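For reference, the structure discussed in these notes is given below.
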Amino acid sequence: MENNSFKTYGTIEKLRPNVRKGTTTQKDVVYFYFVKNDSVFHKIKQLPNYGIEHLGIKLYESYSLKVVESDYGIFDIDFKKRKDTVIDKRNYKVQIYNTANHRYIIE
């Protein structure tokens, strides 16, 4: 990830605290997006339960993001490095989601 990656900003678009994973486990889910080559890539990051509250994550804030060039599914978002920037995804025509269900949740 160190050699073959690029840095950008990930903007939070939806927060889902305390989502059930299995029968007894719960996790927090953060939906965010980043822009590369005039396309918006939507990604999901799972955090431990109460991770959103503990890190102070809020909607529409941007954070430092490192993405592997060869596979955009491998990334590292740093929720401790907030950036004062807002990227509006409506300015881009191409929106790339992980799955159709992911698209349904976001829209």
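Read the figures in this text as sums done on the coordinates, not as results from a lab. A quick note: this is a predicted structure, and the numbers were derived from the prediction, not measured. Here the Cβ positions follow ideal geometry from the backbone for every residue, glycine too, while neighbour counts run over all protein chains shown.
Tell me, what is the percent relative contact order of the chain, built from C-alpha pairs under 8 Å that lie six or more residues apart?
The normalised contact order for the chain reaches 29 percent.
At a Förster radius of 25 Å, what calculated FRET efficiency corresponds to the Cβ-Cβ distance of Ser64 and Thr25, to the nearest 0.05?
Values: r = 28 Å, r/R0 = 1.14.
That pair, Ser64 with Thr25, gives E of 0.30.
Could you tell me which residue out of Phe32, Gly10, Tyr63 lies farthest along the dipole of the chain toward its positive end? Charges go on the beta carbon: Lys and Arg +1, Asp and Glu -1, centred on the Cα centre.
Phe32
State the label only: which of (i) 9.1; (ii) 10.2; (iii) 7.2 corresponds to mean projected area of the Cα convex hull in nm² computed from the shown model?
(iii)
Rounded to the nearest 500 deg cm²/dmol, what is the calculated helix-only ellipticity per residue at 222 nm for the chain, with -39500 (n - 2.57) per DSSP H run of length n ≥ 4?
-2500 deg cm²/dmol
What nm distance separates the two modelled labels at Lys14 and Gln46, each placed 7 Å from Cα along Cα→Cβ?
The two pseudo-label positions are separated by 1.7 nm.
For the residue pair Asp76 and Asn3, what label-to-label distance in nm results when each label sits 7 Å from Cα along the Cα-to-beta-carbon direction?
Taking the simple label geometry, Asp76 and Asn3 are separated by 1.6 nm.
So between Leu55 and Tyr92, what do we pick up on full extension, going 0.36 nm a residue minus the alpha carbon distance?
Full extension from Leu55 to Tyr92 adds 10.4 nm.
Each residue of segment 20-31 in turn: what ³J(HN,Hα) in whole Hz from Karplus with 6.51, -1.76, 1.60 and θ = phi - 60°, glycine and Pro shown as x?
For segment 20-31, the Karplus curve yields 5, 10, x, 8, 10, 9, 10, 9, 9, 10, 10, 9 Hz.
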